[in-house]
1. Quick test for you: out of Ala103, Ala97, Ala87, Ala66, pick the one residue that is among the hydrophobic types (A, V, I, L, M, F, W, C), under 13 Å from Ser30 (Cβ atoms) and either in contact with a Cys (Cβ under 8 Å, 6 or more places away or on another chain) or part of a helix (DSSP H, G or I) (or both).
2. With (1) modelled with pLDDT under 95; (2) open to solvent by less than 60 Å² (accessible area, probe 1.4 Å); (3) assigned to a helix (DSSP H, G or I) as the list, and Leu44 as the residue in question, which single condition is left unmet?
3. What is the one condition in (1) farther than 25 Å from Arg111 by Cα; (2) crowded, with 19+ Cβ neighbours inside 10 Å that Phe51 does not satisfy?
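The values are calculated or read from the model by the stated rules, or taken from the named source; none is laboratory data. Keep in mind it's a predicted model, so treat the numbers as computed, not measured. Methodologically, a virtual Cβ is constructed for each residue, glycine included, from the backbone with ideal geometry; neighbour enumeration extends over all protein chains shown. Note: areas computed on protein heavy atoms with side chains; ligands, DNA, RNA excluded. Shrake-Rupley method; radii C 1.70, N 1.55, O 1.52, S 1.80 Å.
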Amino acid sequence: EAAAKPFPGLKNPVCCVFLIEIIRKMDMTSLTGTYDTPNGSRYLQQLCKHFGHKVQANCTESSGFAALGFGDTTFAASDRLLTVSIALKDGESPQDAQRMIDAHLARFAFREDFETMSWTVCNQADPD
């Protein structure tokens, strides 16, 4: 007996893989943290270089990426803002991810009396 195909109308299995990945991502939780600082580029680079000792990470002066354990994380910096966006893996805790990023950033932003980023949690499955 042949295995059931997830999308029987599609002949190309690669298309099926892409559709499954898109559907999976539609149900993911994402986080965005912002921190008002004139040192966003410096902190972005420090965070990426630090994470790069353990995971895949790369950055420029204004953007970065790290494949952290709880989910893919992107960084962006402007002249007055650092933004961190996380696509959480299934089952990962938003609070744990926030605490980890905040704890690492606190090490680099100690001169600014940093406490926490301003975090927003978004569940892609929620219409709101």
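1. Exactly one of Ala103, Ala97, Ala87, Ala66 is among the hydrophobic types (A, V, I, L, M, F, W, C), under 13 Å from Ser30 (Cβ atoms) and either in contact with a Cys (Cβ under 8 Å, 6 or more places away or on another chain) or part of a helix (DSSP H, G or I) (or both), namely Ala97.
2. Unmet for Leu44, out of (1) modelled with pLDDT under 95; (2) open to solvent by less than 60 Å² (accessible area, probe 1.4 Å); (3) assigned to a helix (DSSP H, G or I): (1).
3. Unmet condition: (1).
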